[in-house]
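The values are calculated or read from the model by the stated rules, or taken from the named source; none is laboratory data. None of these values were measured; they are calculated from a predicted model. Reconstructed Cβ throughout: ideal geometry from the backbone, glycine too, with neighbour counts over all protein chains shown.
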Amino acid sequence: HIFADPEAVGAFQTFPLGWRGGGGEEKDEEEEDDVRRLLGLVAQYSLPGLTRAQQMQLVAVLQTFGEYKAKPDALDTCSLRYLMQVKLRSHQVYTMSTEDKERASLTNSCCAWAFQSDTQDALVDMCLATPQDCTWPNVRCMGMPLWLRTPQQLKVLAEKLAKQQFAATKDPRGSALLYIASRRTTTLAALFKAKNEEKQYQFFSRNFKDPQHQAAAEKNAYVCRGKGNFQYGAAFFLLANKTKEALRTLVDDRTENDWMLALFVARLWGDEALLDWLMAEMYAVSDPWQKHMLLWHKKQYQEAMKVLFCNARLPMRKRPSLFRVKPLARTDPPLALPEHHTVPGTANFDPALYDYASHVYQHHPQLAHSPQLFRKAKAPLLLLTARYFAESSCPSRALAYLMIYNAEPKVADVDPEPEAPPPGQATAVSQPSVDTGTFNFFGGDGMGMGMGMGMG
């Protein structure tokens, strides 16, 4: 513990408790120096009350802040949120086995922030800064094929991955699927020629619009799949124009079971009908955040937001003790806070949903013409988010969301004008009411949140 180490005490006492004064480039350079010094101290000494994993998370936070200060205009807010999670994951995997590392994917709610970013190119560069980062298992864990928006970004990523794969293995077969999906078969043939594999070079130099050559490719696909070389087999299926069979080979749980790779290949291939088919298949096995992104890709923006709000279980029974948090005992360590208080209503709730929805509705004109959905969801979201943080021993954050809630006009105040009735029919005025202590949300049957909103 550093307070028992005179050298450590002296080291931390020399560190400034607040950023220095001044401004401009000089201040930025000083802040970068401060971050580097603090990183060195945290890496050298164990902080009291923190586990090794928690201290590594602190290092990840400092590294992310340091990268941001080095290039403050490179990333927007959405990218910073995502990059923070990437850094946390990169420190967590140090203690994992190889298999666990490949399964330690970022959550789809985290990927949704990258999906909404306007600085995706810079974000990819930071996430794949080293050759060791530029591997398919790492890219899959970061969900890039799902959140990159343009075909050009996907092609650049595919080329980077294919080049790194070939540089690591010196075998063109490992890069074949990405080159063929990018419709760069001639590049793949050139790699085989450079490796003096004349037979493979001659095969991939064929014109695969010819049915005879397609039949030969299909035969090779079945041979590769039978030998357990599923990605190479999927590449041959693409050459044979058996695109659905190629994707089935990748997603079958008896083979690759890699939905992210199938999505990557389908988007690179550029066939809208094929992509629609795959997205429909993915939708059935996706979590709500992934469904949200798939719907957004199809430009179904209202449905994309509704799937998040409905999954959040916003209707919530009135609880008089909603924000009454049990204080920690005097014997509890001041920093050893419980990870989470699991209670009904917040166990599976994502506390970033309100911030995400606010960002989306502010920055996307596709939703600006129809804000009623978010208006109805805003009050329940704020209260449920505040409750989540209160039960997670973060009262200051809970209070911040309650203050936003208090400043927001309630649904009854902003309800849109009713449509004009047909001629000869009396106007019916419909307003929200709280007859049973619940707030009617999305036209539900008595579900909702009665929190003393003064409606009724």
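Among the residues of the range 70-80, which ones are without any contact (Cβ under 8 Å) to a residue 60 or more places away in the chain, of a type outside the set (S, T, Y) and crowded, with 16+ Cβ neighbours inside 10 Å?
Within the range 70-80, A74, L75, D76, L80 qualify.
Taking helices (runs of 4 or more DSSP H) that fall entirely within the range 44-155, which contain at least 2 residues that are charged (D, E, K, R)?
Ranges flagged: 52-70, 77-92, 98-103, 120-127.
Please state which of the following conditions V223 fails to meet, knowing it meets all the rest: (1) farther than 27 Å from V156 by Cα; (2) β-branched (V, I, T); (3) within 26 Å of the chain's Cα centre (by Cα).
So V223 meets the others, but not (3).
Taking the condition of being of a type in the set (A, V, I, L, M), under 19 Å from the mean Cα position of the chain (by Cα) and closer than 26 Å to Q366 by Cβ, how many residues in the range 261-283 meet it?
Here the count works out to 3.
Among the residues of the range 167-206, write down those that are among the charged types (D, E, K, R) and outside any helix (DSSP H, G or I).
If the condition is that a residue be among the charged types (D, E, K, R) and outside any helix (DSSP H, G or I), then K170, D171, R183, R184, K195, E197, R206 are the ones that fit.
Quick check: is even one residue across the range 42-55 modelled with pLDDT of 80 or more and closer than 23 Å to L128 by Cα?
Checked against the condition, which is being modelled with pLDDT of 80 or more and closer than 23 Å to L128 by Cα, the range 42-55 yields no hits at all.
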